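The values are calculated or read from the model by the stated rules, or taken from the named source; none is laboratory data. Note that the coordinates shown come from a computational prediction; the quantities given were computed from them, not determined experimentally. When we count neighbours, we look across all protein chains shown, and the Cβ atoms used for this are built from the backbone with ideal geometry, even at glycine.
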Amino acid sequence: MALLLAACICILGAGCQDVATTWSSQARSPDGRWVAIARSQQWGGPGTAYDATTVYLKQGGTERGSLAGLLAGRPRAIEVLAFSHQYATMSLEMYWVTPTHLEVVYGPSRRPGDRVSLNFQAVKCADVKISVLNSAGARADPRTGRGTARAAGPG
């Protein structure tokens, strides 16, 4: 009986660690000093299913500041936004208004019943101001494109 209980705990414990990246993108600041990195992840397992998107800010325009570098655990990016949502992805766009002002526009995916919650927000990181707008239908860059980098997640 104890062996069966131990086997069940091991199987359930392994299922709780199931995580997959469902979407990722990055937007480099106009001067190349900063990279905004967004990543949606989905966790699975009995009673532990969860969908979240995190936005990180990383200094530097080198490979160390890339999404691959972040995922490989290289020098740290700083978490500036965290969202939870109903499905594997959400609508997310990142715009650099200036080299020191990142604007993030977010909303639910196009799937019926999707909801998005902003769970964590930093308003400033080093010399970068971070603005957040909740706009489910925003798809077009409201600016002329001058000094703007854009990354749009699947909706």
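Being at pLDDT below 95, among the basic types (Lys, Arg), within 20 Å of Ala82 (Cα to Cα) and exposed (fewer than 14 other Cβ atoms within 10 Å of the Cβ) is the filter here; which residues of region 112-155 pass it?
Arg115
Quick check on Leu67: is it closer than 29 Å to Ser131 by Cβ and either surrounded by 19 or more Cβ atoms within 10 Å (Cβ to Cβ) or modelled with pLDDT of 95 or more (or both)?
So Leu67 fails the test.
Considering only residues of region 11-28 that are at pLDDT below 85 and surrounded by 13 or more Cβ atoms within 10 Å (Cβ to Cβ), which is nearest to the chain's Cα centre (by Cα)?
Taking the candidates together, the pick is Cys16.
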